[in-house]
Amino acid sequence: MPGELSPRKAAARIGTTTRTVQRWIASGRLPARRVGGRWHIANDAIDAFVAATNPLGREAAGAPTSRVEPIRVLFIANRGEIAARIARTCERVGIRAVAPPTDGPDALDLLDAGAVAAAALAAGADAVHPGFGFLAESADFAERVIANGLRWVGPPPAAIRLMGDKAAARGFARALGVPVLDGYDEPDQSDDALTTAADRIGFPLLVKPAAGGGGKGMRIVRQSDLLGESLDAARREAAVAFGDDRLILERLVEGARHVEIQVLFDAAGRGVHLGERDCSIQRRHQKVLEEAPSPAVDSALRARLGEAALVLAREVGYVGAGTCEFLLDERGSFAFLEMNTRLQVEHPVTELVTGRDLVADQLRITAGEALELPAPGVEASGHAVEVRLYAEDAQAGFLPVFGRVEALRWPAGEGIRVDAGIEVGSEISGRFDPMLAKVIAWGPHRATALERLARALDETVVLGLVTNLRFLRWLVRQPVVLAGRALIDTLDRIWPPDDWSERVTIPDIAWLEAATALTSPSEETTDPWAGGWRLNGSRAVRLEADGNVRSVALETPSPTRTMAAALTGDVVHLDLAGRSTAFRLAPPPDVDRAARAAVAHGSAATGPSQVAAPMPGAVLAVHAVRDQIVDTGDPIVTLEAMKMEHVVTAPIAGRVSDVLVALADQVSRGQVLAVIEP
């Protein structure tokens with residue numbers, strides 16, 4: 001029949017995804033006919049559907065309009081998975097995307113706002129999309145983009161400036177009648193003023209940077225004698241992350257949920273909320289798992305949260321996509337935390353349950369299109385859950401990990417989406433945030449979404465550097481998560497599990513598979529003795545992995561491979577239940593090496609103990625001096641990597657015989673920072 005489109009072509013015409021069109025057909029909302037196993041949708045039916053339901057914010061007849069100026073070239077002022085995600089939408093809607101190199105000799109420094117704006121002009125861009133992160137939250141950068149005659153894909157600079165200042169945002173919300181937590185957000189930043197305020201608020205309380213979010217610089221203080229050092233640490237980290245060391249204090253609500261509302265506003269002030277996301281599962285105030293809708297929010301509470309978010313956004317003159325974050329207690333009372341004036345990392349879960357493309361919404365709004373949607377929000381369909389894949393080692397306290405991606409396999413299947421910023425050969429360094437990808441699952445029900453997500457994580461393989469994949473596989477199977485009862489402090493209470501030491505033990509089969517891979521003839525292997533030959537003995541090799549050394553007898557025939565593997569030179573990376581573990585041939589034992597190992601681990605009876613850097617980074621503070629007497633666990637040096645602090649403590653009690661680093665030094669992993677004599 002003439003005038004009919006496939007679901008894919010219908011999606012392109014409407015400006016949504018093929019899956020969304022298929023859901024509309026399956027639910028009966030969009031009329032279609034099936035021919036030979038394929039759906040056909042009449043053009044007239046599409047027009048009637050759009051006119052009747054206005055599903056994606058198209059202008060309604062008679063609605064006031066602004067001048068529409070299509071975006072033809074978009075400069076993406078970001079990198080990694082968000083840059084790839086924005087580029088996908090650009091390709092779908094016919095916009096040419098320009099993503100600058102961020103590595104190598106021609107790399108663009110994304111922290112240099114002037115250089116980024118100049119690069120956008122040189123690329124012939126019409127508009128600049130900052131993604132999320134530093135530039136997305138910079139009112140100064142937005143103003144620079146606009147001053148250069150480019151369109152800014154984001155809210156007005158004034159809205160960024162007001163809502164990006166957590167102290168000002170609290171006052172703004174209070175004035176509008178939106179509840180906030182008891183706290184302190186005054187200009188006086190002296191220790192005396194903050195201490196007086198803390199005594200009034202009471203303990204426990206939360207210390208937060210006023211100039212930024214993302215969990216950076218936040219500290220929980222449970223007793224007054226710890227307030228001073230927490231203020232110092234929070235100021236230090238805030239200055240590094242945001243260039244502003246101002247702080248606010250807030251009463252700590254134990255056992256709360258973190259719930260946020262997604263809003264969209266056009267330039268004419270028309271706005272809508274798209275429901276909530278639950279981001280309660282956090283570690284060190286960093287989100288780990290997000291879902292939509294929240295298992296703790298009913299329709300009445302959703303309406304109250306949505307109205308509060310709309311009031312805040314409308315009164316600040318918001319334009320584009322933004323998120324208002326709230327703390328929700330067990331009684332259903334909520335308090336405003338902050339507004340993120342940008343696209344959120346967790347936006348895919350909202351996209352999957354609403355059938356929208358939020359980047360396309362941003363681009364349409366920036367182009368001047370009007371937003372018309374039924375108040376107060378958009379009907380959600382099903383449930384979506386997302387987890388963040390990081391380059392960090394859960395086995396070592398979630399320290400950041402650097403290295404090269406040697407092998408990669410992403411999951412696929414119904415309801416599965418992967419937003420990734422890495423490929424085989426990608427080098428992960430300390431220059432950027434450690435997030436590598438997001439794995440998202442949708443299902444008609446919450447249980448189905450979680451089941452699909454667990455299966456997707458089981459199918460994911462990343463070899464060459466350690467990630468938190470093993471941890472994520474564990475997390476999505478926890479009863480408290482499956483039951484939808486997780487709170488912001490849940491992860492602190494259930495991690496690590498009692499049997500984690502057993503889970504991380506390298507199994508015998510892994511040693512054997514690694515030995516077989518390293519001793520098999522290969523152009524990659526350069527060691528002439530790697531075959532395991534021994535005079536008058538069975539073939540065996542000594543291997544090292546995660547600081548463990550084992551002599552492995554080689555079997556004939558070789559075992560059937562059961563684990564994903566990547567061989568690079570004299571190292572084989574095996575996938576051990578989601579963790580990339582590197583095996584290499586160990587040098588033969590000798591007395592000197594054994595003695596050095598004993599000293600390094602503080603196990604020598606009378607020898608000194610070396611305090612080594614657990615990760616590469618910059619020295620933020622040196623807490624110890626020569627000849628100082630310290631106890632086990634006392635702070636020696638504070639390191640910063642990926643804008644997060646890590647305190648390196650004394651492994652033994654004794655006297656500091658040497659301090660080998662100074663403030664602002666760059667150190668490598670394993671570098672000796674200090675020496676302590678018992």
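The values are calculated or read from the model by the stated rules, or taken from the named source; none is laboratory data. These figures come from a predicted structure and were not determined experimentally. Reconstructed Cβ throughout: ideal geometry from the backbone, glycine too, with neighbour counts over all protein chains shown.
Observations
- In this structure, Gln262 does not qualify as assigned by TED's automatic domain parsing to the domain that holds Gly320, closer than 26 Å to Gly430 by Cα and either more than 24 Å from the chain's Cα centre (by Cα) or of a type in the set (S, T, N, Q) (or both).
- All of (1) of a type in the set (D, E, K, R); (2) in contact (Cβ under 8 Å) with a residue 60 or more places away in the chain; (3) under 17 Å from Glu81 (Cβ atoms) hold for Arg431 with one exception: (2).
- Residues within region 199-235 that are touching a residue at least 60 places away in the same chain (Cβ under 8 Å) and crowded, with 18+ Cβ neighbours inside 10 Å, tallied: 6
- Residues in region 643-660 that are touching a residue at least 24 places away in the same chain (Cβ under 8 Å), in a loop (DSSP other than H, G, I, E, B) and surrounded by fewer than 20 Cβ atoms within 10 Å (Cβ to Cβ): Lys643, Pro651, Ile652, Ala653.
- Residues satisfying the stated conditions in region 82-105, i.e. part of a strand (DSSP E or B) and either more than 16 Å from Leu343 (Cβ to Cβ) or of a type in the set (Ser, Thr, Tyr) (or both): Arg96, Val98
- Only one of the numbered conditions (1) modelled with pLDDT under 80; (2) surrounded by fewer than 16 Cβ atoms within 10 Å (Cβ to Cβ) is not met by Asn54, and that is (2).
- Residue check, Gly355 at pLDDT below 95 and either surrounded by fewer than 24 Cβ atoms within 10 Å (Cβ to Cβ) or not aromatic (Phe, Trp, Tyr) (or both): yes
- Test result for Gly94, farther than 20 Å from Gly317 by Cα and free of Cβ contacts under 8 Å to residues at least 60 places away in the same chain: yes
- The residue that is nearest to Ile494 (Cα to Cα), among those in region 202-257 that are of a type in the set (Val, Ile, Thr) and touching a Phe, Trp or Tyr at 6+ places or on another chain (Cβ under 7 Å), is Val221.
- Residue selected from region 112-132 under the condition touching a Leu at 6+ places or on another chain (Cβ under 8 Å) and assigned to a loop (DSSP other than H, G, I, E, B), by the criterion farthest from Pro157 (Cα to Cα): Ala125
- Only one of the numbered conditions (1) modelled with pLDDT of 95 or more; (2) assigned to a loop (DSSP other than H, G, I, E, B) is not met by Phe471, and that is (2).
- Restricting Arg170, Arg174, Arg161 to those that are surrounded by fewer than 20 Cβ atoms within 10 Å (Cβ to Cβ), under 27 Å from the mean Cα position of the chain (by Cα) and under 23 Å from Ala313 (Cα atoms) reduces the list to Arg161.
- Contact map, region 545-574: residues that are outside the structural domain of Val405 (by TED's automatic domain parsing) and closer than 27 Å to Arg409 by Cβ paired with residues that are among the acidic types (Asp, Glu) and assigned to a strand (DSSP E or B), Cβ distance under 9 Å, separation 6+ or inter-chain. Pairs shown: Met563/Asp575; Ala564/Asp575; Ala565/Asp575; Ala566/Asp575.
- The single condition from (1) over 26 Å from Arg477 (Cα atoms); (2) among the hydroxyl-bearing types (Ser, Thr, Tyr); (3) touching a Ser or Thr at 6+ places or on another chain (Cβ under 7 Å) that Thr366 fails is (3).
- Test for Val272: is it part of a strand (DSSP E or B), under 30 Å from Ala303 (Cβ atoms) and more than 23 Å from the chain's Cα centre (by Cα): yes
- If only residues of region 441-465 that are crowded, with 22+ Cβ neighbours inside 10 Å, of a type in the set (A, V, I, L, M) and over 19 Å from the mean Cα position of the chain (by Cα) are counted, the one that is farthest from Val572 (Cα to Cα) is Ala449.
- Only one entry in Glu459, Glu502 is touching a strand residue (DSSP E or B) at 6+ places or on another chain (Cβ under 8 Å), more than 30 Å from Leu252 (Cβ to Cβ) and among the acidic types (Asp, Glu), namely Glu459.
- The residue that is farthest from the chain's Cα centre (by Cα), among those in region 540-572 that are among the polar types (S, T, N, Q) and not in a loop (DSSP other than H, G, I, E, B), is Ser551.
- Subset of region 481-496 that is of a type outside the set (A, V, I, L, M) and out of contact with any helix residue (DSSP H, G or I) (no Cβ under 7 Å at 6 or more places or on another chain) - its residue that is farthest from Ala394 (Cα to Cα): Arg485
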